[in-house]
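To start, the structure under review is shown below, and the notes come after it.
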Amino acid sequence: MKGIKIVVSVKQVPDADDLRIDPVTNNLVREGVPAIINPPDLHSIEEALRLKEKYGGTVTIVSMGPPRGDVSLREAVSMGADDVYLVTDAAMAGSDTWATSYTVSQGIKKIGGADIIIAGRRAVDGETQQVGPQIAMWLGIPAVAYTDKIVDINTETKTVKLIKRTEFDKETIEVKMPLVVTMLEDSNEPREATLEGMIKAKTFDVKRLSKTDINADPKKIGLASSPTKVIRVRPPPKMRNPEIIKNEDLNKTVDFLISKIKESVKGMKSMENLYKKPEPVTKIDEDVWVYIDHMDGELNKTSLEILGAARNVADMMDTKLGAVIIGEDDEHLIDVAFKYGADKVYYCDTKHGKTYDNDIYTRALSMMIKKYKPNSLFFPGTSTARELASTTAIEVNTGLIADCIIFDVDQKGQLLSTRPDFGGKETSTIICPNNRPIMVTTRAGVFPALPERDFKGELIKEKLDDDKTRFKITDYENIEKTNALAAAKVVVGVGRGIVNKDNMEIAEKLAKKINGIIGVSKPLADAGWYPKDHQVGQTGTTIRPDLYMALGISGAIQHLVGIQGSKRIIAINNDPDAAIFDNCDFGVIGDIFEIVPELIKKIGDINA
């Protein structure tokens, strides 16, 4: 084998730094916004170039996009890519991830395939993590998402050894080429373009492929063929009715804050886990399902959150809620599912099901879907659940809506799923009108779990005998990692209004006084003012505390997405026009350096 043929799947996205909101229409202005290479895809290009340097071979970029897409793709050439193909055709406009992954896979076939196809972990415009695994499904080859490192390639046996890392575990896996991998963003640091590369890129001939060139099935490309459709785009909805005061009398301001802090903490305890069953909007016959994510028999708590969200949808649809469990001797999870909202449990027992294997789990879940035909299927926002949803959607021929934060149901029984786009600058409401089940992934920390109940419902058991897999796990490590920020009942959030790193001490004293933990905005985490694992927001941790105290937080949408699950938000900011005041419960317009020290002196025991 003379070198490795490497293809990198690259997406072009609008430069989020240039996006703005029209003050009249409140819509996102995209006209004139330049396209750039999706930032996570730069890590894929870097990994490809490193493999080429180590093993020899070629690096080819394949991207689907508009005709002008060749401009941004030249950056890959300046980094060292050998060739670039732009799959472009007016018929491909409006493609969702199902149609996009099909189109890209056809483009890869057209150029002769690859030994390794590398994709970014996610797309920053819609936070989808689907296209890489879905390309693999269309091509009939294995996929390893969330790859941390490609350790070795045996060119004689065509075996790749790599490390896959999720938020819960780390696996060393061996798999035969060809395969698809998606790279984690912290796996490498993308190189800068060289002067020689920039000169080459300026006049480089980006090859173009049309729908005819790639022999695309017209029923699988573009908006018309996409299972999912965007029906509404708008700014994030206002979720709260704020009470705002000005700091005109320091003592009165501090007394106001103390009363609201104590009211929030004590009031939330009395309201904890209450569920109000909604009135039915419609009546359907099929079940709503939830995939129960677990690791070696230990339930992921995000599965309980999504049981709560799906319970609400099932009640609006006046139907049953089913929980789907795939495992090996994991029957104890059945009782947990019943306790936290399921009316039915569909349990599939399979050999080697203790730990997640994409081949086995995709086969098992697809078998269950095809047999029992649910209306919709909700997945928790964990890494393995996202990968499983991606591959299963192709296997059962349906759409997948990613990273949802709001669900509703219309009178026709259509599920309306809303997700944030472009770092939360806008939201899109998406439907899957014709394909079933409607599949959605959700964000961890957004939805509350239901209160535990004493209940046993209907149990349906299945068994998967076909346990063949293309993955050989040679080492496994459970990552003992607890996210204190996600678990905190009280969080003191700090933004750029804190002015400098030394002033963080003020926030820390307040956090200690009210039994809280510090969370920071993205700029502070990026500047190294506080550890990165304390970053709150879309690209940090999504939180659901009883109380979120926002100090000097302006209210960037990326941050607001991460705090919307907070039961109470209290904000202090000296800018009366700060967006945080439209997204809090109580706010004070004033100087945190005047108010917070006095608050620390007077607050006493918040539980008193």
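The values are calculated or read from the model by the stated rules, or taken from the named source; none is laboratory data. Please read all numbers here as calculations on a predicted model, not as lab measurements. Here Cβ is always computed from backbone atoms with ideal geometry, including for glycine, and neighbour counts include all displayed protein chains. Just so you know, the surface numbers come from the protein's heavy atoms only, side chains and all, with ligands and any DNA or RNA stripped out. Shrake-Rupley method; radii C 1.70, N 1.55, O 1.52, S 1.80 Å.
Separation of segment 424-501 from segment 124-146 is 18 Å, based on Cα centroids. Dipole of the chain computed with +1 at Lys/Arg Cβ and -1 at Asp/Glu Cβ about the Cα centre; of Thr97, Phe338, Phe471, farthest Cα towards the positive end is Thr97. For the set Trp138, Trp289, solvent exposure ranked by accessible area (probe 1.4 Å, protein chains only) runs largest to smallest as Trp138, Trp289.
Placing +1 on the Cβ of every Lys and Arg and -1 on the Cβ of every Asp and Glu, with no other charges, gives the chain a dipole of roughly 800 debye about its Cα centre. Given the pairs Lys161/Lys354; Lys489/Lys602; Lys262/Lys601, which span a C-alpha to C-alpha distance of over 19 angstrom in this model? The answer is Lys161/Lys354; Lys489/Lys602. For segment 156-195, the per residue solvent-accessible surface stands at 48 Å², with DNA, RNA and ligands left out and a 1.4 Å probe. When the chain is described by a simple charge dipole with +1 on each Lys and Arg Cβ and -1 on each Asp and Glu Cβ, the residue from Ile214, Ile553, Ala143 located farthest towards its positive end is Ile214.
Taking a Cβ cut-off of under 12 Å around Asn38, the surrounding Lys, Arg, Asp and Glu residues balance to a net charge of -3, with basic ones at +1 and acidic ones at -1. In segment 151-270, the C-alpha radius of gyration followed by the widest Cα-Cα span (Dmax) gives 28.3, 78 angstrom. Surface calculation, 1.4 Å probe, protein heavy atoms: Glu458 sits at approximately 100 Å² accessible. Against the criterion of solvent-accessible heavy-atom surface with a 1.4 angstrom probe, Lys277, Lys219, Lys425 sort, most first, into Lys219, Lys277, Lys425. Comparing Cα centroids, segment 207-255 and segment 354-410 end up 22 angstrom apart.
Pairs of Cα atoms nearer than 8 Å and 6+ residues apart set the relative contact order; for the chain it is 14 percent. Solvent-accessible area per residue in segment 497-560 equals 39 Å², computed with a 1.4 angstrom probe and all protein chains kept.
When only C-alpha pairs under 8 Å and at least 6 residues apart count, what is the relative contact order of segment 115-165, in percent? Over segment 115-165, the number comes to 24 percent.
The residues packed around Glu462, meaning those with a beta-carbon under 9 Å from its beta-carbon, carry a net charge of +2 if Lys and Arg are +1 and Asp and Glu are -1. Overall form of segment 38-121: prolate. Here a/c, set by the Cα gyration tensor axes a ≥ b ≥ c, is 1.5 or more, and a/b is the larger of a/b and b/c. Each Lys or Arg adds one and each Asp or Glu takes one away; over the other residues whose Cβ falls under 10 Å from the Cβ of Trp138, this sums to +2. Per-residue accessible area (protein heavy atoms, 1.4 Å probe) orders Trp529, Trp98 as Trp529, Trp98, starting from the largest. On the principal axes of its alpha-carbon atoms, segment 494-608 has extents of 35, 29, 27 Å, going from largest to smallest. Protein heavy-atom surface of the chain, 1.4 angstrom probe: 49% of the accessible area is carbon and sulfur, with nucleic acids and ligands not counted. Solvent-accessible area per residue in segment 250-405 equals 35 Å², computed with a 1.4 angstrom probe and all protein chains kept.
Close amide H contacts of Ala143 (hydrogens built in the peptide plane, cut-off under 5 Å, sequence separation of 5 or more or a different chain): Val180.
Less than 5 angstrom separates the built amide H of Leu416 from those of Asp408, Val409, Asp410, all sequence-distant by 5 or more or on a different chain. Peptide packing: for 465-473, 381-389, 408-416, the average count of neighbouring Cβ atoms within 10 Å per residue gives the ranking 381-389, 408-416, 465-473, highest mean first.
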